[in-house]
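*Asks:* Dropping a structure here in structure tokens format, bear with me for questions.
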Amino acid sequence: MDARLNLKARIEAELKSYDGCMGIYLNDLKGNVVCINEEEEYETASTVKMFILGTLFQEVENGTKSLSDQLEYKQEHFIDGSGVLKSLELGTKLSAKNTATLMIIVSDNIATNMLIEYLGVETVNGFIKANGFTKSKLHNPIDFAKYDKLGTSTPKDYGMLFEKIARGTLVSEEASRQMLEICKMQHYNSMLTKAFPQYFMDSDNYDEEIIYVASKSGSMNACRNDGGIVSTPYGKYIIVLFNKDFSDAMYYPDHPATVFGARVSRLIFDQFLTLEGTFGK
């Protein structure tokens, strides 16, 4: 094959006019990995919540925590931004699992702070280190007035986390299955799916779930990130798209990071389906 037609070259051509730095990590789980700026460090924004989710399930596996433990929403957990708990009364109690589910599927910031208090920052960072995510770290609870960053990671580290979930090896096979099911309910995945063929995204078109995306995104002024697992009839692949150094910090659906990310995601999707479950060499 002409080297100009391989997946990495096609992605690089797509990004030539992009105003920003996109870090990419792809794995077709069949031995083919495609990377661009994969070791570059990025602000995580809400993607760090996946490391918190993993920590919760690890602590449950260790017997030190339980998914049924009741967590109480207190004043010190309050933070504006994404989520639904900010609309509920102080004193609301949720199970640890339901709190984690809100943290992931609607990126609830208050739920995140509840879990950080429940688990501890050092416990989260211990989980990160133990799993070999060498360039990732949770810096603080979410408090935009006190802290200017939440977490740090790389496209490669984030991709490795989802690889472990896809292979059933993050914590345990059952824990990985439960984390996958939570991520499949994610509400905010437009960077990955915005340009997908709509036929595949409408479950009314087929009887079985033939394509799904299990992911977690994150956005702050300095970054726009997304990553997860795309499952197709030909198997699964891992995709991570992290963005920084763009000139426009505003939030809107057609932000260049989202637009270019969606183009890259569709290109990857088409390649995987065309080659029947691989990215090729």
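*Asks:* If I go through the range 259-281 residue by residue, how many of them are among the hydroxyl-bearing types (Ser, Thr, Tyr), surrounded by fewer than 22 Cβ atoms within 10 Å (Cβ to Cβ) and touching a residue at least 12 places away in the same chain (Cβ under 8 Å)? Don't jump to the end; show me each part of the working.
*Replies:* Of the range 259-281, the ones among the hydroxyl-bearing types (Ser, Thr, Tyr) are 265, 274, 278.
Then keep just the ones that are surrounded by fewer than 22 Cβ atoms within 10 Å (Cβ to Cβ); that gives 274, 278.
Restricting the remaining residues to those that are touching a residue at least 12 places away in the same chain (Cβ under 8 Å) gives 278.
So the answer is 1.
*Asks:* Go through (1) at pLDDT below 95; (2) under 20 Å from Gly159 (Cβ atoms); (3) acidic (Asp, Glu) for Asp202 and report which single condition fails.
*Replies:* (2)
*Asks:* Moving on to the next point. With respect to Glu61, is the statement that it is modelled with pLDDT of 95 or more, surrounded by fewer than 22 Cβ atoms within 10 Å (Cβ to Cβ) and under 16 Å from the mean Cα position of the chain (by Cα) true?
*Replies:* Details: modelled with pLDDT of 95 or more: yes; surrounded by fewer than 22 Cβ atoms within 10 Å (Cβ to Cβ): yes; under 16 Å from the mean Cα position of the chain (by Cα): no.
No; evaluated as a whole, the condition is false for this residue.
*Asks:* Still on this structure: Does at least one position in the range 121-143 carry a residue that is touching a Cys at 6+ places or on another chain (Cβ under 7 Å), under 22 Å from Arg177 (Cα atoms), touching a residue at least 60 places away in the same chain (Cβ under 8 Å) and assigned to a helix (DSSP H, G or I)? It would help to see each step written out before you state the result.
*Replies:* Of the residues in the range 121-143, the ones touching a Cys at 6+ places or on another chain (Cβ under 7 Å) are none.
No, because not a single residue in the range 121-143 is touching a Cys at 6+ places or on another chain (Cβ under 7 Å), under 22 Å from Arg177 (Cα atoms), touching a residue at least 60 places away in the same chain (Cβ under 8 Å) and assigned to a helix (DSSP H, G or I).
*Asks:* Does the range 36-57 hold any residues that are over 17 Å from Thr134 (Cα atoms) and in contact with a Gly (Cβ under 9 Å, 6 or more places away or on another chain), and which are they?
*Replies:* Going residue by residue through the range 36-57, those that are over 17 Å from Thr134 (Cα atoms) are 36, 45-46, 53, 56-57.
Selection gives Ile36, Ala45, Ser46.
*Asks:* Within the bounds of the range 201-212, is there any residue that is crowded, with 18+ Cβ neighbours inside 10 Å, of a type in the set (Asp, Glu), touching a helix residue (DSSP H, G or I) at 6+ places or on another chain (Cβ under 9 Å) and not assigned by TED's automatic domain parsing to the domain that holds Glu61?
*Replies:* No, the range 201-212 contains no residue that is crowded, with 18+ Cβ neighbours inside 10 Å, of a type in the set (Asp, Glu), touching a helix residue (DSSP H, G or I) at 6+ places or on another chain (Cβ under 9 Å) and not assigned by TED's automatic domain parsing to the domain that holds Glu61.
*Asks:* Let me ask you something else. Within the range 154-192, take every residue that is under 13 Å from the mean Cα position of the chain (by Cα) and among the polar types (S, T, N, Q) and give me the one that is modelled with the highest pLDDT.
*Replies:* Here the residue is Thr154.
*Asks:* Filter the range 109-120 down to the residues that are aliphatic (A, V, I, L, M) and touching a residue at least 40 places away in the same chain (Cβ under 8 Å) and list them by number. Even if it seems obvious, please write down each step before you answer.
*Replies:* Just the residues of the range 109-120 that are aliphatic (A, V, I, L, M), to begin with: 110-111, 114-116, 119.
Within the range 109-120, Met114, Leu115, Ile116, Leu119 meet the criteria.
*Asks:* Kindly indicate whether any position in the range 65-78 is of a type in the set (Ser, Thr, Tyr) and either surrounded by fewer than 20 Cβ atoms within 10 Å (Cβ to Cβ) or in the same structural domain as Leu275 (by TED's automatic domain parsing) (or both). If you could, list the steps in order and put the result at the bottom.
*Replies:* Initial filter on the range 65-78 (of a type in the set (Ser, Thr, Tyr)): 66, 68, 73.
Going one step further and asking which of them are either surrounded by fewer than 20 Cβ atoms within 10 Å (Cβ to Cβ) or in the same structural domain as Leu275 (by TED's automatic domain parsing) (or both), we end up with 66, 68.
Taking every residue of the range 65-78 in turn, at least one turns out to be of a type in the set (Ser, Thr, Tyr) and either surrounded by fewer than 20 Cβ atoms within 10 Å (Cβ to Cβ) or in the same structural domain as Leu275 (by TED's automatic domain parsing) (or both).
For every residue, the table says whether it meets (1) closer than 18 Å to Leu119 by Cβ; (2) out of contact with any Gly (no Cβ under 9 Å at 6 or more places or on another chain); (3) crowded, with 23+ Cβ neighbours inside 10 Å; (4) not assigned by TED's automatic domain parsing to the domain that holds Leu56.
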position	(1), (2), (3), (4)
Ala145	no, yes, no, no
Thr169	no, yes, no, yes
Glu174	no, no, no, yes
Glu181	no, yes, no, yes
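*Asks:* Sticking with this structure for a sec: Being more than 16 Å from Ile52 (Cα to Cα) and part of a loop (DSSP other than H, G, I, E, B) is the filter here; which residues of the range 173-204 pass it?
*Replies:* Those that are more than 16 Å from Ile52 (Cα to Cα) and part of a loop (DSSP other than H, G, I, E, B): Met185, His187, Tyr188, Asn189, Lys194, Ala195, Phe196, Pro197, Asp202.
*Asks:* Another question, then. How many residues are surrounded by fewer than 16 Cβ atoms within 10 Å (Cβ to Cβ) and either touching a residue at least 40 places away in the same chain (Cβ under 8 Å) or more than 25 Å from Phe51 (Cβ to Cβ) (or both) when one looks only at the range 225-258? Let's see the steps before the verdict.
*Replies:* From the range 225-258, those surrounded by fewer than 16 Cβ atoms within 10 Å (Cβ to Cβ) are 233-235, 245, 247-254; that's our starting set.
When the remaining residues are screened for being either touching a residue at least 40 places away in the same chain (Cβ under 8 Å) or more than 25 Å from Phe51 (Cβ to Cβ) (or both), the result is 233-235, 245, 247-248, 250, 252-254.
Going through the range 225-258 one residue at a time, the tally reaches 10.
*Asks:* If you take just the strands (runs of 3 or more DSSP E) that sit entirely in the range 1-111, which of them hold at least 1 residues that are under 20 Å from Ala222 (Cα atoms)?
*Replies:* On the way: elements: 21-27, 33-36, 70-72, 93-95.
Strands (runs of 3 or more DSSP E) meeting the threshold: 21-27, 33-36.
The values are calculated or read from the model by the stated rules, or taken from the named source; none is laboratory data. In this text, all values refer to a predicted model and were calculated from it rather than measured experimentally. Positions of Cβ are backbone-derived with ideal geometry, glycine not excepted, and every protein chain shown enters the neighbour counts.
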